[in-house]
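A.B. asks: Dropping the structure in here first, questions after.
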Amino acid sequence: MSIYSGDEAITYLVKKLHQKDEKSSSFWNKIMKI
Amino acid sequence: MIGSNDKQYVGFRRFMHYIFQYPFRKIAKKFLNFDAVNKTAKDILTEVGKGYSMDVLRQVISLAYLNDKKVVREGGTSCVIGDGYATMSSLLLKNKRQRVVLVNLSKTLWIDLWHLKLLLKGKFSTDVTLVTSEDSILRFLSETKDKPSVIAIEAKNHQLLQFCPLDLIINIASMQEMNPEVIEEYFIDMSSAAKHNSSVFYCCNRGYKTLPDGTMLSFKDYPWHFSSQILEDEICPWYKKYYNTKLPFLSQLRCYSTQIGKVFINNELSLLYCIFFGGINALYK
């Protein structure tokens, strides 16, 4: 998939950043729950 | 990243911001469209619950200035490279009902989208789309012709800009954070995009800057040879100073140059630009 609408776009970016930035995973986990 | 995440100002804090912002608003008043853009900004900030900071005011003045130059088309397509908290994108969306192509680093793009979600609420799912390939951007562009919407692109996919029919490209305090090779890539993208549609590029960055890795950046050394015609070339009056809560409250923006931009002419991309400049008390003359 190469097109992400609305919340899908946010989820896509957060997931990607979460994967990239293991050190701050607790922060991203909190964000993912919102 | 430009923009601000301050909560709404109330009471004395609001009053002090008003006082400090007064000289900048005085500059802005000469732009016919300032009051309309200012009102749009207030509505947006009320909607998202944020304060009318100096960073926001600068964006408002920049858009009023561009409106004054008649380069922002109602319902047109603009690109914002390196927005902050989606401030400029929101203004273009709400003030000019534009289709906005928003390019940013993944982390800041996420913050931009979050602010757009706060602003657009229910419309966020239909009006905002992130694209990662040529096919998807072409499809989305054809589906959203003349419709106010946001196309988000991660900075690593910036070459997708080449497929966008852009009327206006805005870069404020962002190219000064990029390496020269990346700046050149963006100019190539803009130049390609301008083949679909005549584009105006508004570029407002520091005259000189040293990046953390020691790379020296100079505004005059940007690859201006990709440009065609200079519409305006000046030192940006609303970026000469800033205020803060520490004495002496007003400071000059740090910069390393008194260089003024030059005019370059060829056939594809029109440029509208100014540079940050450490003027001496010019604001209050």
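A.B. asks: If a residue has to be under 20 Å from B:Val72 (Cβ atoms), of a type in the set (S, T, N, Q) and assigned to a loop (DSSP other than H, G, I, E, B) to count, how many in the stretch B:22-62 make the cut?
C.D. replies: Qualifying residue count, the stretch B:22-62: 1.
A.B. asks: Restricting the search to the stretch B:27-43, which residues are at pLDDT below 95 and either of a type in the set (A, V, I, L, M) or closer than 21 Å to B:Leu168 by Cα (or both)?
C.D. replies: Matches in the stretch B:27-43: B:Ile27, B:Ala28, B:Phe31, B:Leu32, B:Asn33.
A.B. asks: Moving on. So B:Gln159 clears everything in (1) on the phi > 0 side of the Ramachandran plot; (2) surrounded by fewer than 17 Cβ atoms within 10 Å (Cβ to Cβ); (3) under 20 Å from the mean Cα position of the chain (by Cα) except one condition, right? Which one?
C.D. replies: Evaluating B:Gln159 over (1) on the phi > 0 side of the Ramachandran plot; (2) surrounded by fewer than 17 Cβ atoms within 10 Å (Cβ to Cβ); (3) under 20 Å from the mean Cα position of the chain (by Cα) leaves (1) as the failure.
A.B. asks: Any chance you could count how many residues in the stretch B:152-171 are more than 10 Å from every other protein chain (Cβ to nearest Cβ) and in contact (Cβ under 8 Å) with a residue 40 or more places away in the chain?
C.D. replies: So the count comes out to 13.
A.B. asks: Another one. For B:Ser125, which of the numbered conditions (1) within 14 Å of chain A (Cβ to nearest Cβ); (2) surrounded by 19 or more Cβ atoms within 10 Å (Cβ to Cβ) fails to hold?
C.D. replies: In the conditions (1) within 14 Å of chain A (Cβ to nearest Cβ); (2) surrounded by 19 or more Cβ atoms within 10 Å (Cβ to Cβ), B:Ser125 misses (2) alone.
A.B. asks: Which count do you get for residues in the stretch B:142-195 that are in contact with a strand residue (DSSP E or B) (Cβ under 9 Å, 6 or more places away or on another chain), in a helix (DSSP H, G or I) and of a type in the set (Gly, Ala, Ser)?
C.D. replies: Number satisfying all stated conditions: 4.
A.B. asks: In the list B:Ser62, B:Ser78, B:Ser89, B:Ser53, which residue meets the criterion of being within 14 Å of chain A (Cβ to nearest Cβ) and small (Gly, Ala, Ser)?
C.D. replies: None of the others qualify; the one that does is B:Ser89.
A.B. asks: Is it fair to say B:Arg73 is farther than 20 Å from B:Ser89 by Cβ and among the basic types (Lys, Arg)?
C.D. replies: Judged against the criteria, B:Arg73 is not a match.
A.B. asks: Among (1) under 16 Å from the mean Cα position of the chain (by Cα); (2) free of Cβ contacts under 8 Å to residues at least 24 places away in the same chain, where does B:Asn104 come up short?
C.D. replies: B:Asn104 satisfies every listed condition except (2).
A.B. asks: For the condition crowded, with 24+ Cβ neighbours inside 10 Å and either at pLDDT 95 or above or among the β-branched types (Val, Ile, Thr) (or both), what is the one hit in B:Val80, B:Val71?
C.D. replies: B:Val80
A.B. asks: Being of a type in the set (Val, Ile, Thr), closer than 12 Å to B:Ile81 by Cα and within 21 Å of the chain's Cα centre (by Cα) is the requirement here; does B:Thr129 meet it?
C.D. replies: Considered against the rule, which asks whether it is of a type in the set (Val, Ile, Thr), closer than 12 Å to B:Ile81 by Cα and within 21 Å of the chain's Cα centre (by Cα), B:Thr129 comes out as no.
A.B. asks: Now, a different point. Give the residues of the stretch B:92-122 that are part of a helix (DSSP H, G or I) and more than 13 Å from chain A (Cβ to nearest Cβ), sorted by residue number.
C.D. replies: B:Leu92, B:Leu93, B:Lys94, B:Asn95, B:Lys96
A.B. asks: Can you tell me how many residues within the stretch B:128-141 are part of a helix (DSSP H, G or I) and within 11 Å of chain A (Cβ to nearest Cβ)?
C.D. replies: 7
The values are calculated or read from the model by the stated rules, or taken from the named source; none is laboratory data. Bear in mind that the values here come from a model prediction, so they are computed numbers and not experimental data. Every residue, glycine among them, receives a Cβ derived from its backbone with ideal geometry; neighbour counts consider all protein chains shown.
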